[in-house]
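What follows is a single structure, and I will ask about it in a moment.
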Amino acid sequence: MQISVIAYGIAKDILGQRRLTFEFEGDSIGQLKTALIEQYPDFAKLQSLSFAVEEEYQQDDYPLSDQLEVVIIPPVSGG
Amino acid sequence: MQISVIAYGIAKDILGQRRLTFEFEGDSIGQLKTALIEQYPDFAKLQSLSFAVEEEYQQDDYPLSDQLEVVIIPPVSGG
Amino acid sequence: MIDIQLLDTPLSVAQCSQLVADPAAGGTVVFVGTVRNSTQARTVQRLDFEAYAPMAIKEMRKIAEETMEKYGALKCAIHHRVGSLDILEIAVIIAVATPHRKAAFAACKFAIDQLKETVPIWKKEIFADGEVWVSAHP
Amino acid sequence: MIDIQLLDTPLSVAQCSQLVADPAAGGTVVFVGTVRNSTQARTVQRLDFEAYAPMAIKEMRKIAEETMEKYGALKCAIHHRVGSLDILEIAVIIAVATPHRKAAFAACKFAIDQLKETVPIWKKEIFADGEVWVSAHP
C-alpha cells in the first residue's frame, strides 16, 4: 500500500526530507516499520522508533489504509 | 541575675511587650526558661520554646551572664 | 485550570507562576529548564528544538490532566519553546499549584519526567564541529 | 552563589529565577509560597509576618549553604516577605539551580522544609473574628 509519511528530528535526516510517499507490502504500523528499516537501515540504530496517526501514538498492530498519514516519532528529547 | 529579654510572635503577646528586663535565680537558658514559665504560665502551653543569644539558637545548658540579651523564640511559622 | 503553550518566542517564568496563582494554593512549584553550556564535556553552542506541534500540545495537555488528577493540583501550566535557543535560554517551564506544598513538588516532578518521555519534541545540540540529535541513539 | 533577602515589599518570581540562572544548570526549581484563603475551613483575611530579622537572614543563609553542599547546587536564592500580606501574595520564594534536574527538586524541597523548621519568622492568621499565631500551640 501507499501511505504518506511525515518525519521529525533525526527521522527527517534519515529520510532526507520531511514528507514522503512510501510504498510497502503490508497493512499495519508493524509492517511499515519493517519496510522502513529495510529501505533506511539507519532507523535500526535508533534508541526507539514510534509512530503516530491522527496525533496519537499507535502500536504495531494498528491497521493502515491507503493514503493514510503516518508520523515517524524517533526518540523524543524535549524539556 | 538580670537579663534583657526580647520577644517575637506569640511570645511578645504573652509578655505584653517586645523588650523586658527580667530578673531570675540561675545562670543558664534552662533556668531562665523555668523562671519565665513560672511567671508567665502561657509559655508552658506552646508547642515549643527556644532561645537565641547573639543570633544563634542556644541549648538549656548555655551559660548566661548579667545584662545579656536573650531572644525568646516561640514555634516558628515562616514560609 | 490548565494552560498549554508551544511557543517560538521567549518563555516567561513570571507569567507561568501568575497563571497558576490560586487563592486555595498552599504551594506552587515551578520547574525551569534552561539550555546548558556543555554535554558530556563538549561545549554546546546552541540547541535547536523542533516539535510535531499539534501532537506535542495534545500530549502536554494529557500530562497536565494526569498531573491535576493524580496530585490534586489546582492549576497547571506547561510552556515549551521551539526554534533555536542560546545558552541560558528557557526551553520549558512547568508550574503546578496544589493546596499543600509537598504535592506540588511531586506533581511538578511527575510532569517534567513525563514530558521528557512522551511529548514529540526533539532537540539538536549544535557544537563547533557538528550536530547531534539528543537521545536518538543508545 | 547565594542570595538571601528579607523584604517588606512584594517578592518577584522572575527576579529569583534570574538570580539562579547559570550556564551549567540543567534544571531550576522554584518554590513559591502564597497566602491561602482558608485554614481548617476558616476564612483567612490576611497574614501578618514578623521576623527576628538578623537571625532570620543568618538562618536562611545556613539553609542555602547546606542546600548547595548537600545537593551540589550551583545557585540558591531565598527571599522571604515580612509585614501584612493579602490572599495570593507571595510569602516566600526559594529558587535552586543544579546541573541535573532531579537534584533541583530535592534541593528546593529540602530548603523549604528546613526554612519552616528553623528560621525565626512568625505568621499570624487574621480572621473576621480573631487572630491566631500559626503553629504556636500543639
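Just so it is clear, none of the values below were taken in a lab; they were calculated from the coordinates. Remember, predicted model here, so these are calculated numbers, not experimental data. Glycine also receives a Cβ, built like all others from the backbone with ideal geometry; neighbour counts cover every protein chain displayed.
What are the residues whose amide H is under 5 Å from the amide H of residue A:8, where those residues sit 5 or more places off or on another chain and H is modelled from the backbone?
So residue A:8 has HN proximity to A:72.
When the expected Rg is taken as 2.2 N^0.38 Å, what fraction or multiple of it is the alpha-carbon Rg of chain A?
Numbers: Rg = 11.5 Å, N = 79, 2.2 N^0.38 = 11.6 Å.
Compactness ratio reported: 0.99.
Under the rule of -39500 (n - 2.57) per DSSP H run of 4 or more residues, summed and divided by the residues of the protein assembly as shown, what mean residue ellipticity at 222 nm is obtained, to the nearest 500 deg cm²/dmol? Intermediate results must be reported in sequence, preceding the final value.
Values: 10 runs with 124 residues, N = 434.
Computed mean residue ellipticity for the protein assembly as shown: -9000 deg cm²/dmol.
To continue, here is another question. Around residue A:5, under 10 Å between beta carbons, what's the net of Lys plus Arg minus Asp minus Glu among the other residues?
It works out to a net charge of +1.
Same structure again: Find, among the GluC sites (Glu not before Pro) in chain B, those assigned to loop by DSSP (not H, G, I, E, B) with at most 10 other beta-carbon atoms within 10 angstrom. Show your work: numbers first, answer last.
On the way: sites: B:23, B:25, B:38, B:54, B:55, B:56, B:69; in loops: B:25, B:54, B:55.
Passing both the DSSP loop test and the Cβ count: B:25.
Let me ask you something else. Counting only residues 5 or more places away or on other chains, whose amide H sits under 5 Å from the amide H of residue D:74 once H atoms are built in the peptide plane?
Amide H to amide H, under 5 Å and 5 or more residues apart or across chains, residue D:74 pairs with D:97, D:98.
So, how do all the Cα-to-Cα distances of chain D break down into 5 Å bins, in percent, from 0 on up?
Distribution as computed: 2, 11, 21, 21, 18, 13, 9, 4, 2, 0, 0 percent.
Note the full-extension length gain between residue A:68 and residue A:31 as 0.36 nm times their separation in residues minus their Cα-Cα distance, in nm to one decimal.
Taking residue A:68 through residue A:31 to full extension adds about 11.9 nm, to one decimal.
What does the charge dipole of chain C about its Cα centre add up to, to the nearest 20 debye, if the Cβ of each Lys and Arg holds +1 and the Cβ of each Asp and Glu holds -1? Present the calculation step by step, with values, prior to reporting the outcome.
Values: 15 positive and 16 negative charges, 78 e Å.
Roughly 380 debye for chain C.
Which FRET efficiency value, to the nearest 0.05, do you get for residue B:45 and residue C:18 by plugging their Cβ-Cβ distance into 1/(1 + (r/R0)^6) with R0 = 51 Å?
0.80
For labels at residue C:87 and residue A:1 in the simple 7 Å Cα→Cβ model, what's the distance in nm?
Inter-label distance under the simple model: 5.0 nm.
Can you compute 3J(HN,Hα) from phi for each residue in segment C:86-101, using the Karplus curve 6.51 cos²θ - 1.76 cosθ + 1.60 with θ = phi - 60°, rounded to whole Hz and x for Gly and Pro?
Per-residue couplings from phi come out as 7, 3, 6, 6, 8, 8, 8, 10, 10, 10, 9, 10, 10, x, 10, 5 Hz.
Right, here's the next one. Fewest first, what order do D:43, C:118, D:34 take by the number of other Cβ atoms within 10 Å?
Going from sparsest to densest Cβ surroundings: D:43, C:118, D:34.
If R0 is 41 Å, what FRET efficiency do you get for residue D:40 and residue C:7 from their C-beta distance, rounded to 0.05?
On the way: r = 41 Å, r/R0 = 0.99.
Plugging the Cβ-Cβ distance into 1/(1 + (r/R0)^6) gives 0.50.
With 26 Å as the limit, write out which pairs from B:45/C:102; A:33/C:124; C:62/D:102; B:33/D:70; B:45/D:58; C:75/C:124 have Cα-Cα distances beyond it, or answer none.
Pairs exceeding the cut-off: B:45/C:102; B:33/D:70; B:45/D:58; C:75/C:124.
Sorted from fewest to most neighbouring beta carbons within 10 Å, what does the list D:78, B:14 look like?
So the residues, fewest neighbours to most, are B:14, D:78.
Oh, and also: Determine the distance separating the Cα centre of segment C:18-69 from the Cα centre of chain A; give it in Å without decimals.
Measuring centre to centre over Cα atoms gives 26 Å.
By counting other Cβ atoms within 10 Å of each Cβ, how are C:129, D:113 ranked from fewest to most?
Sorted ascending by nearby Cβ count, the order is C:129, D:113.
Where does the charge balance sit around residue C:118 when Lys and Arg score +1, Asp and Glu -1, over other residues with C-beta under 14 Å from its C-beta?
Spelling it out: positives minus negatives among the neighbours equals -3.
Rounded, prolate or oblate, given the Cα gyration tensor of the protein assembly as shown, with a/c below 1.5 counting as rounded?
prolate
Work out from phi, with θ = phi - 60° and the Karplus expression 6.51 cos²θ - 1.76 cosθ + 1.60, the ³J(HN,Hα) of each residue of segment B:59-64, listed in order in whole Hz, and give x for Gly and Pro.
So the J values, rounded to whole Hz, are 7, 3, 7, 5, x, 10.
Taking a ≥ b ≥ c as the square roots of the eigenvalues of the Cα gyration tensor of segment D:18-65, is the shape rounded (a/c under 1.5), prolate (a/b larger than b/c) or oblate?
oblate
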